[in-house]
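> Structure in structure tokens, see below.
Read-outs: derived from the displayed coordinates by stated rules, not from any lab. Nothing here was measured: the structure is a model prediction, and the numbers come from that model. Backbone-built Cβ (ideal geometry, glycine too); neighbour counts: all protein chains shown.
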Amino acid sequence: MKNITILGATGSIGSSTLKVIAQNPLRYRVFALGAGSNHAQMFTLCQQWQPKYVAMADKAAALILQKQLAAVGCKTEVLAGEEGLCHIASLPEVDMVMAAIVGAAGLLSTMAAVKAGKRVLLANKEALVMSGQLFVDAVKEHGAELMPVDSEHNAIFQCLPQSIQTNLGHCALDDAGVHKILLTGSGGPFRYSDIDSLASVTPEQAIAHPNWSMGPKISVDSASMMNKGLEYIEARWLFNANKDHLQVVIHPQSVIHSMVQYTDGSTLAQMGEPDMCTPIALTLSYPQRVEAGVKPLDFTEMGELTFIKPDFARYPCLELAIEACYSGQHATTALNAANEVAVDAFLQHKIAFTDIARVNSAVMNKVCATEQANQLDSLESLIELDRMTRILAREQLG
Ligand code: NAD
Ligand code: MG
């Protein structure tokens, strides 16, 4: 029986994780749950799962939850704030931590799990994007075990040999005969739209992803393909990849979740339904396989699979992210922060969809003119850059 902490339990990945655990009640136990401010949903989860601890980032939400749980006699202990989240990520009883808080807000609790040497099921790509080398070095130093949840990285992981799977962040792709990693993406809801029409698309249209059901931030990122850009940076760190190893391919059907090409001409692909329960199940059970509650593909019902080269005029955020990946840590930390501010403003109808790339690009130009990657040698310095960048990004909102 493995004890699991789920950070971001009230979100899309959080609920898929609970679905997989529900399929395997004798293998996995919900030990602790963490989230931002949604105390009503957390109250339901606590009654259903009876975790030992729950942590809410929002202290007022934690207080309300504590009162509600006491009133129904639920014994779950309620913690609050960033400290509470870090605490449930690092308790000695915990075997695995699902890191599924959205955005930079998840960095410290994810790092707490890493520093406690846990198996870390990494969904929170923003944490890795904003801390890169520091993150993968901490994994090695503290003997943590990194398992990629993101469907593409999980697919790539499955197509790579064990020598790489067990040495993420520090592996040598060339030694394993890897030629290229093909990172696939659907292209989002606007892949066939007239480029001139993108300035007037609404948040509702942007979050209506054609294949995947996800939280609002990642859904907007999928529409702009910033998500693929963040995943490109994520892949660079997870697989210790260089520019020649990485290629983005648009695959509208989302049947293939990514591929690995070897020097002998072989291409390995991982395929499945667009359901996060499949990659989540593997991160829990690796190196075994368990029931995920997902049916296998029916190839006779599938229809055609197609592939397209990404067009940077349609997806300027993707180009920005690839550039940032090779500019250094200051660029990726700043791009992530600017993008969080811009996406939030778009979701609140304050800026147009196409302004997301405009804000990101303007902020990147400013930050790259002043910052140096080599000054970012601590979590504190990264968090400070994140904070400064958010101020610059808000100035750009107009
Ligand atoms: P979501 O919006 O559905 O859920 C986000 C979770 O984070 C919620 O539980 C929320 O309470 C919590 N949260 C938000 N702000 C917080 C804060 N300040 N402090 C603590 N907790 C906070 O998002 P999601 O779609 O589940 O995505 C979560 C992460 O997983 C993101 O980093 C995303 O990129 C990644 N991811 C998601 C999917 C997917 O299919 N949804 C796929 C791959 C990767
Ligand atoms: Mg993904």
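> Can you find, among Val255, Val78, Ile322, the residue sitting farthest towards the positive end of the charge dipole of the chain, where Lys and Arg contribute +1 and Asp and Glu -1 at Cβ?
Val78
> When the Kirkwood hydrodynamic radius is evaluated over all pairs of different C-alpha atoms of region 91-136, what value in angstrom, to one decimal, is obtained?
Values: mean 1/r = 0.0958 Å⁻¹.
Answer for region 91-136: a Kirkwood hydrodynamic radius of 10.4 Å.
> Next up: Given the rule -39500 (n - 2.57) for each run of at least 4 DSSP H residues, summed and divided by the residues of the chain, what is its mean residue ellipticity at 222 nm, to the nearest 500 deg cm²/dmol?
Calculated at 222 nm, the ellipticity per residue is -14500 deg cm²/dmol.
> Starting from the coordinates of the alpha-carbon atoms of region 140-266, obtain the Kirkwood hydrodynamic radius over all distinct pairs and give the value in Å to one decimal. Show your work: numbers first, answer last.
Details: mean 1/r = 0.0639 Å⁻¹.
Evaluated over region 140-266, this radius sits at 15.6 Å.
> Considering only Cα-Cα distances, which of the following residue pairs are longer than 22 Å: Lys228/Lys350; Lys118/Lys295; Lys125/Lys243; Lys228/Lys309; Lys19/Lys52?
Lys228/Lys350; Lys118/Lys295
> DSSP loop (so not H, G, I, E, B), at most 15 other Cβ within 10 Å: list which GluC sites (Glu not before Pro) in region 73-153 pass both filters.
Glu93
> Turning to a different aspect of this structure: Over what distance in Å are the Cα centres of region 210-284 and region 66-106 separated?
Between the Cα centres of region 210-284 and region 66-106 lies a distance of 29 Å.
> Still on this structure, I have one more. Using the 10 angstrom Cβ neighbour count as an exposure proxy, how do His251, His257 rank, fewest first?
Neighbour counts put them in this order, fewest first: His251, His257.
> Could I ask something else about it? Arrange the following residues from fewest to most other Cβ atoms within 10 Å of their Cβ: Ile164, Ile280.
In order of increasing Cβ crowding within 10 Å: Ile164, Ile280.
> Do any trypsin sites (Lys or Arg not before Pro) in region 72-132 lie in a loop, going by DSSP, with at most 11 other beta-carbon atoms within 10 Å of their beta carbon, and if so which?
Sparse-neighbourhood loop trypsin sites (Lys or Arg not before Pro): Lys75.
> Using C-alpha positions alone, give me the convex hull volume of region 327-398 per residue in cubic angstrom.
About 70 Å³ per residue, rounded to a whole number.
> How large is ³J(HN,Hα), in whole Hz, for each residue of region 190-199 in order, when computed from phi with the Karplus curve 6.51 cos²θ - 1.76 cosθ + 1.60 and θ = phi - 60°, using x for Gly and Pro?
So the J values, rounded to whole Hz, are 9, 5, 10, 6, 4, 4, 5, 7, 5, 5.
> What ranking of Glu319, Glu234 emerges when the number of other C-beta atoms within 10 Å of each C-beta is taken as an exposure proxy, fewest first?
Least to most surrounded, the residues fall as Glu319, Glu234.
> Something else about it: Identify, among Ala334, His349, Leu379, the residue whose Cα sits farthest towards the positive end of the charge dipole of region 327-398, taking +1 on the Cβ of Lys and Arg and -1 on the Cβ of Asp and Glu, with the dipole about the Cα centre.
His349
> If you project the alpha carbons of region 1-148 onto the principal axes, what extent comes out on each, in Å, largest first?
Rounded to whole Å, the extents work out to 46, 34, 26 Å.
> Can you give the convex hull volume per residue for the Cα atoms of the chain, as a whole number of Å³?
So the per-residue Cα hull volume is 139 Å³.
> While we're on this one: Taking only the Cα atoms of region 220-319, how large is their convex hull per residue, in Å³?
That works out to 151 Å³ per residue.
> So, one more: Counting C-alpha atoms alone, how compact is region 278-398: give Rg to one decimal and Dmax as a whole number, in angstrom.
19.4, 55
> Hey, another quick one. If exposed means no more than 14 neighbouring beta carbons inside 10 Å and the site is in a DSSP loop, what's the longest run of the chain without any exposed chymotrypsin sites (Phe, Trp or Tyr not before Pro)?
Values: sites that count: Tyr192, Phe307, Phe312.
Counting only loop sites that pass the neighbour cut-off, the longest clear stretch is 1-191.
> To one decimal place, what Kirkwood hydrodynamic radius in Å is obtained for region 95-171 from all pairs of distinct Cα atoms?
12.2 Å is the Kirkwood radius here.
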